[in-house]
1. Over what distance in Å are the Cα centres of the range 118-162 and the range 315-359 separated?
2. Could you put ARG250, ARG290, ARG50 in order, starting from the residue whose Cβ has the fewest other Cβ atoms within 10 Å?
3. If you find the alpha carbon centre of the range 240-268 and of the range 54-78, how far apart are they in angstrom?
4. Go ahead and estimate [θ] at 222 nm for the chain from helices alone: -39,500 (n - 2.57) per DSSP H run with n ≥ 4, summed, over the residue count, rounded to 500.
5. Would you list ARG324, ARG71 from fewest to most Cβ contacts within 10 Å?
6. Exposed loop chymotrypsin sites (Phe, Trp or Tyr not before Pro) only (DSSP loop, at most 16 other Cβ atoms within 10 Å): please give the longest stretch of the chain free of them, not including the sites.
7. Using 0.36 nm per residue, how much length does the chain from ASP4 to SER28 gain when fully extended, once their Cα-Cα distance is taken away?
8. Kindly express, to the nearest 10 degrees and within the range 0 to 90, the angle between helix 12-23's C-alpha long axis and the longest C-alpha principal axis of the chain.
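Here, each number is a calculation from the coordinates, and none is a lab measurement. From a predicted model like this one, the values you see are computed outputs, not experimental measurements. Cβ sites come from the backbone with ideal geometry, for glycine too, and all protein chains shown count toward neighbours.
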Amino acid sequence: MAYDVIVVGAGISGASTAYHLKRQGAGSVLLLERGEPASGGTGKSAAIIRQHYSTPLLVRLARDSIGMLRRMPEELGRDGGLVQAGYCFLVSAEMVDGARRNVAMQRQLGVRTEWGEPGDLGHVLPEVNRDGVAAVIHEPDGGYADPVRATEAYVEGFRREGGEFRPRTAVRRLLRQADAIVGVELDDGPVAAGTVVNAAGPWAKPLAESGGLDLPLRAVREQDTVWEAAPSRPVPPVSISNGVDAIYFRPLGGQRFVVGRGFPKEYFDVDPYNYKLTADDDFVIEIQRRIEHRFPALAGMRLIDSYAALYDVTPDWYPIVGPRKGLKGYADFCGGSGHGFKIGPALGRELADWLLSGRVAEDFAQLSHDRIAAGRLFVQSFGGNRG
């Protein structure tokens, strides 16, 4: 059977794209996943929700994605675990000027965001050590979501709209004829398609190369830790980008929370098919030191879990999304790790519209792979951690 569209990868990117393709009237759509929905990088995402970015494009996509997550129960019949408990960004002295510019831009775009001095932390972070904190940004509409539930909601919605989903189905290569991608090769043979969307995350690069396509994508190992505070200790209820200590914090409910390293830090390239899945001992020790310094009330917290996942990273840390000039039947959707979950719903919707209508917003078109060859990389000013 030939399909109008095949989407490879059922993380938040592929699942959102597949759902919106069917919702917007696409014909036959096949969604393929080598494991289960969200079993790659999406499922291990901290899933912090925020609109604090340094470019209007990412602010817009994050804002739209929050609205889409909020509407999931009425549109999809189940929720994506969205908890709008708020988001805070702790700003160091070196970051103040850039952070002020970002907040001004975000407010112009309609984002509710508050700028405060260290002494203003009491109403959202009463137990924080203010040492080294020059300012705090509070975003009331931020928070966190459940990456697995959100992805599964899109997959279920896709199937209700008439789409076909095949889990545990590996794609071995792209099928190419001259300047067109015409399908994919599975273990049981070739499958033809009018368009193939490569949403395979850290595995997108080898898939693209199987069709003779260059994809400037790195797979880097990213570590996270899960902790539990003693019953009497106050746990911050908000998600936090801590620019002073280069860590991020995400509540899990009750006394548990996730902590990982934020930017700046070293990134180590790995083979996406063969990398260490557990966190390093020295990483765990350093995370504990940093979180207990910033939140003294959490001293003595207990390690529950630690693990490693993958980021798929582009040269400018912005995702590569959309068709390519001179190549028919193919679209990229990769490179969003670090902020891919929080903008994935809106990215999928806009890519679906681009593929079906041929129309695309001017700012969104800049995400295409074509920017790489043209040298039009996004300028990265400081916008908080990439996690």
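1. Comparing the Cα centres of the range 118-162 and the range 315-359, I get a distance of 24 Å.
2. Values: ARG250 24, ARG290 17, ARG50 29.
The fewest-first ordering by Cβ neighbours comes to ARG290, ARG250, ARG50.
3. 22
4. Values: 10 runs with 107 residues, N = 387.
Result for the chain, helices only: -8500 deg cm²/dmol.
5. Details: ARG324 19, ARG71 14.
Final ranking by Cβ density, sparse to dense: ARG71, ARG324.
6. Values: sites that count: TYR267, PHE268, TYR273, TYR275.
My reading of the result: 1-266 is the longest stretch.
7. Details: separation 24, 0.36 × 24 = 8.64 nm, distance 0.52 nm.
Contour length minus the Cα-Cα distance gives 8.1 nm.
8. 50
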